[in-house]
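Undergrad: Please find one structure pasted underneath; my questions will follow.
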Amino acid sequence: KKIYKECLAGATKRKKEDKFIRGDGTVQWLSWEVKPWYDEENRIGGVIMYTEDLTEHKQVTEKLDISVDAFKRNFENAGIGMAIVSQEGKWLKVNGKICQILGYSEEELKNLTFQDITHPDDLASDLGYLQEIVAGRRQTYQLEKRYFHKLGYEISAILVVSVVKDLNGNILYFISQVIDITAL
């Protein structure tokens, strides 16, 4: 009523996102604008109200935020090494566990590629599987391989790689999981 009265006095009121709790307890999100309309003599004749229901968009956004947060927490706190890797093999994001396994800091790994620290005898098979993903013949692969620790010794690992694509099917990056099996 207050907004209605203000708009009858010449004000324009709007809100990009406004939460309403309906009588049945459900939540509705609206974008709205209320403004006066004028007659031929430029007198205010009433108000015009525009509303757009944003509820579905807000629900999808909330689910996406929850999903992103869950992935981020799992990535950062995983008991295995995890990394987001570019098509060229650059380490884009790494968790603490992979840094611990390989002996490099996050910044040091970001200046390397996985090819730089992969044992030469294992590189061809890793790149072969990667090419199959790029060619669309597979979505994921798993192999046993060796890395070189920052201090120079070999690390035996199980590597699991999956691809992440955009809506057009273009590769965005790879998610790599590394399990240290050196002790085994």
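Undergrad: Rounding to the nearest 10 and keeping the result within 0 to 90°, find how far the Cα-based axis of helix 55-77 lies from the longest principal axis of the chain.
TA: It is inclined by approximately 30 degrees.
Undergrad: Right, here's the next one. Could you order Glu40, Glu132, Glu17 by accessible surface area, starting with the largest, using a probe radius of 1.4 Å?
TA: Glu40, Glu17, Glu132
Undergrad: When only the heavy atoms of the protein chains count and the probe is 1.4 Å, how do Tyr104, Tyr38 rank by accessible area, highest first?
TA: The ordering from most to least exposed comes out as Tyr38, Tyr104.
Undergrad: Tell me, what HN-Hα J-couplings in whole Hz come from the Karplus equation 6.51 cos²θ - 1.76 cosθ + 1.60 at θ = phi - 60° for each residue of the stretch 82-96, using x for Gly and Pro?
TA: Per residue, the Karplus-derived 3J(HN,Hα) values read 9, 8, 9, 10, 6, 4, 7, x, 6, 6, 8, 8, 9, 9, x Hz.
Undergrad: Where does the stretch 44-96 land on Rg(C-alpha)/(2.2 N^0.38 Å)?
TA: With N residues counted in the stretch 44-96, Rg over 2.2 N^0.38 Å equals 2.11.
Undergrad: Just the accessible area for Leu123, please: 1.4 Å probe, Å², rounded to the nearest 10?
TA: Its heavy atoms expose roughly 40 Å² to the probe.
Undergrad: Provide the solvent-accessible area of Ser162, counting protein heavy atoms only and rolling a 1.4 Å probe, rounded to the nearest 10 Å².
TA: 40
Undergrad: Express in Å², to the nearest 10, the accessible area of Asp180 obtained by rolling a 1.4 Å probe over the protein heavy atoms while all chains stay in place.
TA: Roughly 70 Å² of Asp180 is accessible to a 1.4 Å probe.
Undergrad: Among [x] 15.7, 47; [y] 16.8, 54; [z] 27.4, 89, only one was calculated for this model; which label is it, if the read-out is Rg and Dmax of the Cα atoms in Å?
TA: Recomputing Rg and Dmax of the Cα atoms in Å here gives the entry labelled [z].
Undergrad: Related question: Between helix 120-134 and the chain, what is the angle of the helix's C-alpha long axis to the longest principal axis, kept within 0 to 90° and rounded to the nearest 10?
TA: Value to nearest ten degrees: 30.
The values are calculated or read from the model by the stated rules, or taken from the named source; none is laboratory data. Keep in mind it's a predicted model, so treat the numbers as computed, not measured. Calculation scope for accessible area: heavy atoms of the full protein, side chains included, ligands and nucleic acids excluded. Shrake-Rupley method; radii C 1.70, N 1.55, O 1.52, S 1.80 Å.
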